[in-house]
Amino acid sequence: DILVGADGIWSAVRHQMFDLPMDEVGQLHASKHARYSGYTCFTGTCKHTPADIKEVAYKVFLGQEQYFGCTDTGHGWQHWWAFLPDPPGSASADQEPMLGRLRKEFSEWSPEIHDLFDATNPDVVKRRDLFDRLPLWKGWTDGAVALMGDAAHPTMPNLGQGGAMAIEDAYILGQELELANIQNSNEIQKILKSYERRRFVRASVAQFLSRNGSDLLVDWDKMRKNPIVGPIAMKSINLFQPITMDYLYSADF
Ligand SMILES: Cc1cc2nc3c(=O)[nH]c(=O)nc-3n(C[C@H](O)[C@H](O)[C@H](O)COP(=O)(O)OP(=O)(O)OC[C@H]3O[C@@H](n4cnc5c(N)ncnc54)[C@H](O)[C@@H]3O)c2cc1C
């Protein structure tokens, strides 16, 4: 038999696999087992049709240490997300209703953002602190156990790749299992290792670039204005961005 730990960033399977204390599973112990991005994310959905829906389906509004994005999800619905630089775990101390706070934080921003807030039912607004981890150099598999998705490679949402990588993991593991002729437990280990080999580099690249994207949101101006780093970084971004985007946004099968 095979156990696949697809139990998200606070994976209990991952903890057990690496012999970490089982009473340290979860966000309360995040400082030991994950890295806080510096941002908390509010999300909501609402029935709303922006005037320019035929021209633009996805928008990002960038500001100083906060940003907002929204996308058409079909049938007249929009999904939106707002990033604010709160310390981790501050949700419980925040007494203010979430939409009220967002209206204040984005008070001088585009009216389009406020149209979305106005159209949103306060009960559907969610908030979560954004964490990721470094690639798991020790590997994603141990014997007949394998990690998948955020359990193996929690990824910042900035490039929209965490879920995509989880789906690719599942597809590739499915392929490996379908092709296999399992006669004994050694065979299972080989299959899981092959799955890991096929997925590790690509998922790690997505993790790295997504973290970079998240960090640059904070340090973009600092980087751009640095007389030495700025020009080199801007040249590299212009040169390599089309290649990396093509790599990331083409499916691994
Ligand atoms: C704000 C935001 C925006 C994002 N946008 C995108 C995007 O545009 N595109 C994209 O591809 N990705 C995006 N992502 C990332 C994506 O959401 C995750 O990478 C994806 O959900 C990971 O899927 P998963 O199944 O590995 O983990 P999860 O979605 O975390 O699922 C894990 C499941 O395991 C369950 N579980 C946990 N522990 C146990 C247990 N002990 N027993 C039983 N069940 C358990 C959990 O309840 C959960 O249902 C975004 C993430 C965030 C936070």
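The values are calculated or read from the model by the stated rules, or taken from the named source; none is laboratory data. None of the values given here were measured: they were computed from a predicted structure. Here the Cβ positions follow ideal geometry from the backbone for every residue, glycine too, while neighbour counts run over all protein chains shown. Accessible surface is based on the protein model in full, side chains and every heavy atom, while ligands, DNA and RNA are left aside. Shrake-Rupley method; radii C 1.70, N 1.55, O 1.52, S 1.80 Å.
For this structure, a couple of remarks:
- For residue 138, the accessible surface of its heavy atoms amounts to roughly 150 Å² (probe 1.4 Å, protein chains only, rounded to the nearest 10).
- Furthest towards positive pole of dipole, 234, 78, 4, structure part the chain, Cβ charges: 234
- Cα centroid separation, the stretch 221-240 to the stretch 121-190 (Å): 33
- Nearby aspartates and glutamates by direct alpha-carbon distance to residue 193 (threshold 19 angstrom, same-chain neighbours under 8 apart not counted): 1, 142, 150, 168, 169, 176, 178, 252
- Separation of the alpha carbons by more than 26 angstrom is noted, of 138/222; 47/104; 54/225, for 138/222; 54/225.
- Zero-based 5 Å bins, Cα pair distances in the chain, whole percents: 1, 5, 11, 14, 15, 15, 14, 11, 7, 4, 2, 1, 0
- Between the residues 214, 147, 191, the greatest Cα displacement towards the positive end of the dipole of the stretch 143-253, with unit charges on the Cβ of Lys, Arg, Asp and Glu, is found for 214.
- Debye intensity ratio I(q)/I(0), log10, the stretch 55-198, q values 0.09, 0.21 Å⁻¹ (C-alpha model): -0.45, -1.29
- Radius of gyration and maximum dimension Dmax of the stretch 35-131, Cα, Å: 13.3, 41
- Heavy-atom surface analysis with a 1.4 Å probe gives the chain a carbon and sulfur content of 57 percent of its accessible area.
- Dipole size of the stretch 35-131 about its Cα centre, with +1 on Lys/Arg Cβ and -1 on Asp/Glu Cβ: approximately 260 debye, rounded to the nearest 20.
- Computed lengthening from residue 144 to residue 65, 0.36 nm per intervening residue step minus Cα-Cα distance: 24.1 nm
- The chain: angle of helix 185-225 to the longest principal axis, Cα-based, in degrees nearest 10: 20
- Each peptide among 142-152, 238-248 gets the average number of other Cβ atoms lying within 10 Å of its residues, and from highest to lowest they stand as 142-152, 238-248.
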